[in-house]
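The values are calculated or read from the model by the stated rules, or taken from the named source; none is laboratory data. Please read these numbers as outputs of a predicted model, since none were measured by experiment. Cβ placement follows ideal geometry from the backbone for every residue including glycine, while neighbour counts extend to all protein chains displayed. Just the protein is used for accessible areas: all its heavy atoms, side chains included, with ligands, DNA and RNA removed. Shrake-Rupley method; radii C 1.70, N 1.55, O 1.52, S 1.80 Å.
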Amino acid sequence: MLRPLFVALQLLTRLPTPRLHDITARETGWSVLFYPVAGLIIGGFLILLNQLLLSASPGLTAALLLASWVLITGALHLDGLGDSADAWLGGHGNRERTLEIMKDPRSGPAAVVAIALVLLLKFAALQDITSVSHWLVLLLIPVLSRTLLVLLFLTTPYVRAGGMGEILAQHLPRRRAWAIVVLFGGLTLLTLDITLIGSLIVGTLLFIGIRRMMIRHIGGTTGDTAGALVELTETGMLVAVALLL
């Protein structure tokens, strides 16, 4: 079972992992089950860094946490957010045109604005969160956003033929994936922390709204829109926690 974990880590992070050869379609599909585990590792790293920065100001701590968060993921999800913003704006409701723009590696004004706003909101929220040392948030929000990613693949068609995304959708062990979604959602509720429960509610509402936009614009999801989902739900949950604090 370690190989699917390493596949997940190689896709979602830039953490060093053993080099894998001959990755099978089954291993690729099963790797989705370990997306929340990748979030757990990211969250654990953020907690460790936050502990090392206890003597720093909230502003500097938030900046370093955010920079590390982006670096550890290789800006993968930010790239998906930027591509999705350009495509949804420039596609003018045309499915084929939207998918075509999404494949363009260049970034337009919508991508720049979307990424800047997300980073600004994350930075501001992290300042408030770290000023009160609510470390559990740093652990669970990366987990919850990637749990919602599992839910996306469970409930939404993958619309771009070929590539890893189609393999993920075809070989995802669905019963186990549903168990993962229920497990991590339930664990969040069991914390009895109003800020975390509030963030889960906000994340779920954002998931419903973003998924509806995906269906309306392109009839399903792609790797880029999945990345956008991670960034937008993380941002929404962080802001929700900061407001509830």
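Given Cα pairs under 8 Å that are at least 6 residues apart, what percent is the relative contact order of the chain? Averaging sequence separation for qualifying contacts and normalising by length gives 28 percent for the chain. You can think of it this way: the chain between Thr155 and Leu15 has 47.5 nm of extra reach, that is 0.36 nm per residue less the Cα-Cα gap.
Please identify every one of the chymotrypsin sites (Phe, Trp or Tyr not before Pro) in the stretch 1-91 that sits in a loop by DSSP and has no more than 14 other beta carbons within 10 Å of its own beta carbon.
Numbers: sites: Phe6, Trp30, Phe34, Phe45, Trp69, Trp88; in loops: none.
Passing sites in the stretch 1-91 do not exist.
Based on C-alpha pairs under 8 angstrom that are at least 6 apart in sequence, the stretch 66-211 has a relative contact order of 17 percent. Between the amide H of Thr221 and those of Tyr158, Val159, distances stay under 5 Å, these residues lying 5 or more places away or on another chain, with hydrogens modeled in the peptide plane.
If you filter the stretch 63-136 for trypsin sites (Lys or Arg not before Pro), then keep DSSP loop positions with at most 12 other Cβ within 10 Å, what is left?
Working: sites: Arg95, Arg97, Lys103, Arg106, Lys122; in loops: Arg106.
Passing both the DSSP loop test and the Cβ count: Arg106.
A crude spin-label estimate for the pair Arg216 and Ile197, with each label 7 Å from Cα along the Cβ direction, gives 3.1 nm.
If you take the Cα atoms of the stretch 104-166, find Rg, then find the Kirkwood Rh from the mean of 1/r over all pairs, what is Rg/Rh?
Numbers: Rg = 16.3 Å, Rh = 14.9 Å.
For the stretch 104-166, the value is 1.10.
Taking every full run of DSSP H in the chain, the ones that stretch at least 30 Å from end to end by Cα along their long axis and average -0.5 or higher on the Kyte-Doolittle scale are 109-131, 135-155, 194-218, 223-244. Treating r as the C-beta distance of Arg26 and Val182 and R0 as 22 Å, the FRET efficiency rounds to 0.45. Accessible surface of the chain, 1.4 Å probe: 68 percent of it comes from carbon and sulfur atoms. The mean of 1/r over all distinct Cα pairs in the stretch 1-107, once inverted, gives the Kirkwood hydrodynamic radius of 16.2 Å.
Between Val112 and Leu48, full extension at 0.36 nm per residue minus the direct alpha carbon distance yields a gain of 20.0 nm. Using bins of 10 Å that start at zero, the share of Cα-Cα pairs per bin across the chain amounts to 8, 32, 37, 20, 3, 0, in whole %. Note on the chain: helix-only mean residue ellipticity at 222 nm, from DSSP H runs of 4+ residues weighted -39500 (n - 2.57) and normalised by residue number, equals -26000 deg cm²/dmol.
With all protein chains kept in place, the per residue accessible area of the stretch 1-159 amounts to 46 square angstrom at a probe of 1.4 angstrom.
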